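Trainee: One structure, pasted below without further comment.
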Amino acid sequence: MEFFATCPAGLERLLTQELRSLGLSQLRPLRGQVSFEGDLRDAYKACLWSRLASRVIAVLAHIPADSSDALYEGVSSIAWEDEISPHKTFAVEAHGVNDNLRNTQFTALRTKDAVLDRMRAHSCGRPQIDTADPDVSLFVRLGRKRAVVGIDLAGEALFRRGTKPPFGSKPSLRHDYAAALLEVGGWYRRCRREEESIFALSPCADSLLFEAGEEAGDRAAGLGRQTWGFEGWLRHEATLWDDLCEEARRRADVGASHLPSLRLIAAGLHPMQEDVPIPFEACQGVRCFDLTHDMDRLAAAAAGIDCLMACDLSSLAQTDMAQEADLLAYLRQAAQVVSPTSDFVTISTSTDINEELSFDGTDRLETLMGPSQVFICHGSLQDHPFPAADIPLKGGRDVFVALPQSEQFARRLEKAWRLRRRWAQQEDIGCFRAYDADLPDYALAIDYYQPSQLLKERDFGGNGTGPWAVVSEYAAPKEIKPSTARRRLFDALAILPRVMGVDSRNIYVKQRMRSKGGSQYAHGESQAKAAKRAQMDRGKSKGADLASLPREAHLVDEGGLTFEVNFGCGLDTGLFLDTRDVRSLVREHIKRAPDPKRFLNLFAYTGSATCYAADGGAKATTTVDLSRPYLQWARRNMRRNGFVGPQHSYVQADILPWAVQMRHSPNRWDLIYLDPPSFSNSSQMASSSFDLQRDHVELLINVSRLLSPHALCIFCCNLRKFKPDIAALAKADVSLEDISDETIPDDFKRNARIHHCYLVRHS
């Protein structure tokens, strides 16, 4: 009989080796599968023991499938009365398309109709359809002109082992990939030796421990499963299956006697309890460490051991760069502790790890994890010792980095953090810049955010964890190799949490590049799109609480007020720290303004200046921005600070034409805050684009006409090369007073051009 086992593309060689070790023959690896010939015993053994297979399919027929009718006729020719009981349920799972069958749902429907028609024609009754939990799962895979039809013997995917995750949550690495990682690393050969160990390094090393422990204990991968796809199949031989399971249980009992000599060490960034009760015998006695606290104990546990170091970086996204850097630092440190005869194996979505470790893998395997390509690399510490520079830090903690010159950054960051934190405590400032590209080779800006002390974040849907750090990396000069720049960044990211006390999971990296015009920093996702995405994350329900927190948003304090910041929303967080003193100036001016104290915020962004104005006593506020998501953000900021009511209005509008419109209305304001972008080409704008340098004269003239008598406008911008046209403005009776120097906070003093600020008046 013909069968085939499916697997992720790229793992076919490993799966072939595994099936051969089970005694299967006539193996033929194809893309994403390995076919084999045999009887039911062979198929059952593959289901029960394979750690790499996703499914095992019993092939019933190869049929023509160059059209819908051909597919129907081919499926109808199969003796389904011998495969499915009319008293059972079934479902069809279709894969692949061709020129005439381009929809898998239609293929599944056509197959289902053919099966039912065949069984009715033979007076066999009509089985029911159950797509959620069928007794029998039919498998159809289309080729260009033919299709293979079979029975899915697994039912549920084999990588779902049938036991609860050891640490009570979804595994960070799927079990078949964990098994592949261990196979490439030679664990299945190593664990047969006496007193062998594995050191699993991962954000949460649960599935690695599971697979390592079960293999060491000779426990079949499917022994914990309760249901199988073949149980409702008419050809199922229950006695044969029971015999195989009983044999597997006996082997597991014998294998358990080997476990006392096995040491399993788990280390991860996610908290894990030591001596967690594992619901299977193979992993009793596993030792778990939280790397954020237990590195010294881990070093003692792993000292001198000959082990396999298994490092999983595949679950980390591009935005998890700080966690990756942290794990690599621990990997370097562990490599200095374990025996030099140890092996290591890594899995990652990027080949950059090879650069980080100066490692050119002796054995590299490429596979797919969903739509993403992942790389499994294997090497020996004897052949590829990790380059590591040990940098001692204050407080008795060391960090292992790739470049010795990173020690200079560590010393500079320690000094800057000590002075800046002391200053922030004295000034009662919770969000500030801790490091501002002090060293040319480490061109980073590091902003620190303390959780709100005024409001409980959990009341708004947040988790209240913190503090957080936002690292902005500026593009390195062209003469610097990308690999060198990346090593510097990763070293900095490994040093930062140990110096500033910020968990690596709370560090957000934003990479900035100069735009073509040189006027501002650009990034892959526009702020408007990022804000819209954050709004969608919050929920689409019309009845959703306006004050609820979007995903990746948190609450922080500034100036006695609370603001929402979002570290995953575009390049900026929602609160410009360099304009902290400008917002305080808004509050002071509104306090001194005569009644009725009307305030207008143009290009309002998230409305932080409006909150300051309301706190200063503004009787009415108008917040204007082109972006609806930002206006919603501004509403949430105002609501959390207690500023609600019809006196606070929010207008979605293109500022330039709106200001012209307001000139012809009776509306006037006692203080205007104007903070325009350097450049914008939003499709919502009336004109093709807005360029601050080009359009500022028209903008300031129109805005000045909206001021009540003796009122002023505070105009702020971050276009570093901005030069106001004083002469053109003077002709329109508009004057500018430059107050930039007095509005730049102490934590931004290193860059006197961080922003420009002016008082605008109309004579």
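The values are calculated or read from the model by the stated rules, or taken from the named source; none is laboratory data. Worth saying up front: this structure is predicted, and the values here are computed from it rather than measured. In this analysis, Cβ positions are derived from the backbone assuming ideal geometry, glycine residues included, and neighbour counts consider all displayed protein chains.
Trainee: For His710, which of the numbered conditions (1) in contact with a strand residue (DSSP E or B) (Cβ under 7 Å, 6 or more places away or on another chain); (2) more than 30 Å from Leu419 (Cα to Cα); (3) assigned to a strand (DSSP E or B) fails to hold?
Mentor: Single failed check for His710: (1).
Trainee: Inspect segment 306-317 for any residue being in a loop (DSSP other than H, G, I, E, B), surrounded by fewer than 23 Cβ atoms within 10 Å (Cβ to Cβ) and modelled with pLDDT of 85 or more and give the result as yes or no.
Mentor: Looking for residues that are in a loop (DSSP other than H, G, I, E, B), surrounded by fewer than 23 Cβ atoms within 10 Å (Cβ to Cβ) and modelled with pLDDT of 85 or more, one finds at least one in segment 306-317, hence yes.
Trainee: Out of the residues in segment 713-748 meeting the condition of being polar (S, T, N, Q) and under 30 Å from Ala416 (Cα atoms), tell me which one is surrounded by the most Cβ atoms within 10 Å (Cβ to Cβ). If you could, list the steps in order and put the result at the bottom.
Mentor: Step one: list which residues in segment 713-748 are polar (S, T, N, Q), which gives 718, 735, 740, 743.
Imposing the further condition that a residue be under 30 Å from Ala416 (Cα atoms) reduces the set to 718, 740, 743.
Details: Asn718: 20, Ser740: 16, Thr743: 23.
Ranking the candidates gives Thr743 first.
Trainee: State which residue is nearest to Arg160 (Cα to Cα) when the search covers only segment 12-58 and only residues that are assigned to a loop (DSSP other than H, G, I, E, B) and among the polar types (S, T, N, Q). Talk me through it step by step, then tell me what you get.
Mentor: Of all residues in segment 12-58, those assigned to a loop (DSSP other than H, G, I, E, B) come to 22-24, 31-32, 38-39, 50-54.
Narrowing the set further to residues that are among the polar types (S, T, N, Q) leaves 50, 54.
On the way: Ser50: 12, Ser54: 9 Å.
Looking at the filtered set, the residue picked out is Ser54.
Trainee: Let me ask something else. Just for helices (runs of 4 or more DSSP H) wholly inside segment 606-700: which have at least 3 residues that are assigned by TED's automatic domain parsing to the domain that holds Leu575, touching a Gly at 6+ places or on another chain (Cβ under 9 Å) and surrounded by 22 or more Cβ atoms within 10 Å (Cβ to Cβ)?
Mentor: 608-615, 628-640
Trainee: Kindly indicate which of Arg146, Arg141, Arg120 is buried (at least 20 other Cβ atoms within 10 Å of the Cβ), under 29 Å from Ser67 (Cβ atoms), assigned by TED's automatic domain parsing to the domain that holds Gly32 and among the charged types (D, E, K, R).
Mentor: Step by step, each of Arg146, Arg141, Arg120 is checked, and only Arg141 is buried (at least 20 other Cβ atoms within 10 Å of the Cβ), under 29 Å from Ser67 (Cβ atoms), assigned by TED's automatic domain parsing to the domain that holds Gly32 and among the charged types (D, E, K, R).
Trainee: Is it the case, given these coordinates, that Ser483 is among the polar types (S, T, N, Q), modelled with pLDDT under 85 and part of a loop (DSSP other than H, G, I, E, B)?
Mentor: Here the answer is no, as Ser483 does not meet what is asked.
Trainee: Next question, about the same structure. Which residues, taken from segment 396-423, are among the small types (Gly, Ala, Ser) and either within 19 Å of Thr351 (Cα to Cα) or without any contact (Cβ under 8 Å) to a residue 60 or more places away in the chain (or both)?
Mentor: Start the filter on segment 396-423 by keeping residues that are among the small types (Gly, Ala, Ser), which leaves 396, 402, 406, 410, 416.
Passing the criteria: Gly396, Ala402, Ala416.
Trainee: Read through the list (1) touching a strand residue (DSSP E or B) at 6+ places or on another chain (Cβ under 8 Å); (2) more than 20 Å from Thr573 (Cβ to Cβ), then give the number of the only condition that Ala485 fails.
Mentor: Evaluating Ala485 over (1) touching a strand residue (DSSP E or B) at 6+ places or on another chain (Cβ under 8 Å); (2) more than 20 Å from Thr573 (Cβ to Cβ) leaves (1) as the failure.
Trainee: Taking the residues in segment 1-19 that are farther than 21 Å from Ala178 by Cβ and modelled with pLDDT of 95 or more as candidates, determine which candidate is surrounded by the most Cβ atoms within 10 Å (Cβ to Cβ).
Mentor: Only one residue fits best here, namely Phe4.
Trainee: Can I ask one more? Among the candidates Leu60, Leu27, Leu11, which residue alone is among the hydrophobic types (A, V, I, L, M, F, W, C), over 23 Å from Cys245 (Cα atoms) and under 38 Å from the mean Cα position of the chain (by Cα)?
Mentor: Just a single option satisfies the conditions, and that option is Leu11.
Trainee: Output the residues belonging to segment 318-352 that are aromatic (Phe, Trp, Tyr) and either in the same structural domain as Leu444 (by TED's automatic domain parsing) or in a helix (DSSP H, G or I) (or both).
Mentor: The answer is Tyr330, and nothing else.
Trainee: Of the conditions (1) within 30 Å of Leu419 (Cα to Cα); (2) in a loop (DSSP other than H, G, I, E, B); (3) in contact (Cβ under 8 Å) with a residue 24 or more places away in the chain, Ala752 clears all except one; give me its number.
Mentor: So Ala752 meets the others, but not (3).
Trainee: Could you please find all residues in segment 406-430 being assigned to a helix (DSSP H, G or I) and of a type in the set (A, V, I, L, M, F, W, C)?
Mentor: Correct list: Phe409, Ala410, Leu413, Ala416, Trp417, Leu419, Trp423, Ala424.
Trainee: Go through (1) more than 25 Å from Leu52 (Cβ to Cβ); (2) in a strand (DSSP E or B); (3) among the hydrophobic types (A, V, I, L, M, F, W, C) and name the single condition Cys124 misses.
Mentor: Here Cys124 meets the rest and fails (2).
Trainee: Restrict the check to segment 455-476 and report whether at least one residue is under 16 Å from Pro440 (Cβ atoms), among the hydrophobic types (A, V, I, L, M, F, W, C) and more than 19 Å from the chain's Cα centre (by Cα).
Mentor: From segment 455-476, those under 16 Å from Pro440 (Cβ atoms) are 472-476; that's our starting set.
Those still in the list that are among the hydrophobic types (A, V, I, L, M, F, W, C) too: 475-476.
From what is left, the residues that are more than 19 Å from the chain's Cα centre (by Cα) are 475-476.
Yes, segment 455-476 contains at least one residue that is under 16 Å from Pro440 (Cβ atoms), among the hydrophobic types (A, V, I, L, M, F, W, C) and more than 19 Å from the chain's Cα centre (by Cα).
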